[in-house]
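Structure record follows, encoded as structure tokens.
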Ligand code: ATP
């Protein structure tokens, strides 16, 4: 079993006489066998959260439960968890065989032959048997990462903790390893908490993702739920690539008034906004912007400034007022930089946030 609960987990660091709240009353309930991705920008408290779970940092307040057992102040080795680090943390002068078996040697009373057998099985699983007699210095980054995974897997932990395990690999290998880690996690069915700042990893790997900002949970949900129904402007801007476009508007009845254009909304949308004349933020994802005719409703006239053909899609950057926005146009439609176009934000696809708090309204 491996259900992990964080209740009001808080970690405060003292630095130069002032307090830094790295994790701020974080509540998470991670299901047995779940793959949860903790994601957020640099400094949002992801690693500190993971280190508190692992027992490498002492929580300032709150509690951590593993299968209802309070482990908040247990020693790391009492926690039945295995952590994989960004820099792999392999012992440089030990063979791969010894690196993988070392954890079992020091924490169990298994015999040498039993450990050898488990090392062989683990190496088989990760397809690294031919590397067993080499040292880490002789391995590529991807191979070192597999050895680091092997060292975690062999302990058969209740929970895997992974801190940016792929960030030292090149883009191609990262994609391969992403799939391998997912497959491994599914086969082993072990609760996994995976920290990354990369929203693509979050979207593609997690059963659910938890998005943090400034130590606080912004949203937890399935990846597509966070993409389609972000709870606030922060999540909306963080999830999705390229990022969502934001425009400041004010509501006037069934019109959203921007400095450069007016946008007619349906009465249903107006009713959802409930309060007239307030400052709002209109959000539209690049992939939802359409090119349109000049006489279409809500068409905005603009000039394409830069075009980036990516193959299946073309990114077009255009300006409204003094801000640049991005549209992602499907197919190989030839748009030229300097071309005058009309764009439209289809109403079912627009998001509306409170201009002050950033909370999602629609
Ligand atoms: P990154 O992706 O850059 O590693 P992160 O989201 O993992 O960022 P943390 O490393 O958890 O963020 O840091 C959260 C906050 O706590 C940051 O403001 C950081 O400077 C601070 N912090 C982390 N460790 C310590 C420490 N040992 N002493 C003081 N402040 C710390």
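The values are calculated or read from the model by the stated rules, or taken from the named source; none is laboratory data. Computed from a predicted model, the values in this text were never measured in an experiment. With ideal geometry, Cβ positions are generated from the backbone for all residues, glycine too; neighbour counts draw on all protein chains shown.
Of the residues making up segment 243-269, those that are at pLDDT below 95, touching a helix residue (DSSP H, G or I) at 6+ places or on another chain (Cβ under 8 Å) and either in a strand (DSSP E or B) or within 30 Å of residue 202 (Cβ to Cβ) (or both) are 251, 269. Scanning segment 35-50 for residues that are surrounded by 18 or more Cβ atoms within 10 Å (Cβ to Cβ) and either out of contact with any strand residue (DSSP E or B) (no Cβ under 8 Å at 6 or more places or on another chain) or over 13 Å from residue 9 (Cβ atoms) (or both) yields 35, 36, 37, 39, 40, 44, 47.
Residues are listed down the side, and each one gets a yes or a no for (1) assigned to a strand (DSSP E or B); (2) more than 24 Å from residue 252 (Cβ to Cβ):
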| position | (1), (2) |
| --- | --- |
| 281 | yes, no |
| 291 | yes, yes |
| 294 | no, no |
| 298 | no, no |
| 304 | yes, yes |
| 308 | yes, yes |
| 314 | yes, yes |
| 317 | yes, yes |
| 325 | yes, no |
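Inside segment 258-316, residues that are at positive phi and out of contact with any strand residue (DSSP E or B) (no Cβ under 7 Å at 6 or more places or on another chain) make up a count of 2.
Taking the criterion of being closer than 20 Å to residue 194 by Cα and outside any strand (DSSP E or B), the residues of segment 1-16 that qualify are 1, 2, 3. Do the conditions hold for residue 56, that is, is it part of a loop (DSSP other than H, G, I, E, B), surrounded by fewer than 17 Cβ atoms within 10 Å (Cβ to Cβ) and in contact (Cβ under 8 Å) with a residue 12 or more places away in the chain? Criteria met by residue 56.
Would segment 194-208 turn up any residue that is surrounded by fewer than 19 Cβ atoms within 10 Å (Cβ to Cβ) and under 15 Å from residue 44 (Cα atoms)? Yes: segment 194-208 contains one or more residues that are surrounded by fewer than 19 Cβ atoms within 10 Å (Cβ to Cβ) and under 15 Å from residue 44 (Cα atoms). Within segment 197-229, the residues that satisfy the criterion of being closer than 16 Å to residue 48 by Cα and at pLDDT 95 or above are 210, 211, 212, 213, 214, 215, 216, 217. Taken as a whole, segment 130-152 holds no residue that is touching a strand residue (DSSP E or B) at 6+ places or on another chain (Cβ under 9 Å), modelled with pLDDT of 90 or more and surrounded by fewer than 19 Cβ atoms within 10 Å (Cβ to Cβ). Do we have residue 337 as more than 16 Å from residue 261 (Cβ to Cβ), touching a residue at least 24 places away in the same chain (Cβ under 8 Å) and surrounded by 18 or more Cβ atoms within 10 Å (Cβ to Cβ) here? Against the criterion (more than 16 Å from residue 261 (Cβ to Cβ), touching a residue at least 24 places away in the same chain (Cβ under 8 Å) and surrounded by 18 or more Cβ atoms within 10 Å (Cβ to Cβ)), residue 337 does not qualify. Do we have residue 122 as under 30 Å from residue 30 (Cβ atoms) and surrounded by fewer than 13 Cβ atoms within 10 Å (Cβ to Cβ) here? It is false that residue 122 is under 30 Å from residue 30 (Cβ atoms) and surrounded by fewer than 13 Cβ atoms within 10 Å (Cβ to Cβ). Being surrounded by fewer than 21 Cβ atoms within 10 Å (Cβ to Cβ), touching a residue at least 24 places away in the same chain (Cβ under 8 Å) and assigned to a helix (DSSP H, G or I) is a condition met by at least one residue of segment 65-78. Is segment 36-51 home to any residue that is over 15 Å from the mean Cα position of the chain (by Cα) and within 15 Å of the ligand (Cβ to nearest atom)? Looking for residues that are over 15 Å from the mean Cα position of the chain (by Cα) and within 15 Å of the ligand (Cβ to nearest atom), one finds at least one in segment 36-51, hence yes.
When the residues of segment 153-168 are filtered to those that are more than 16 Å from the ligand (Cβ to nearest atom) and assigned to a strand (DSSP E or B), the one that is surrounded by the fewest Cβ atoms within 10 Å (Cβ to Cβ) is 159. Number of residues in segment 10-34 that are buried (at least 22 other Cβ atoms within 10 Å of the Cβ) and more than 12 Å from the ligand (Cβ to nearest atom): the value is 1.
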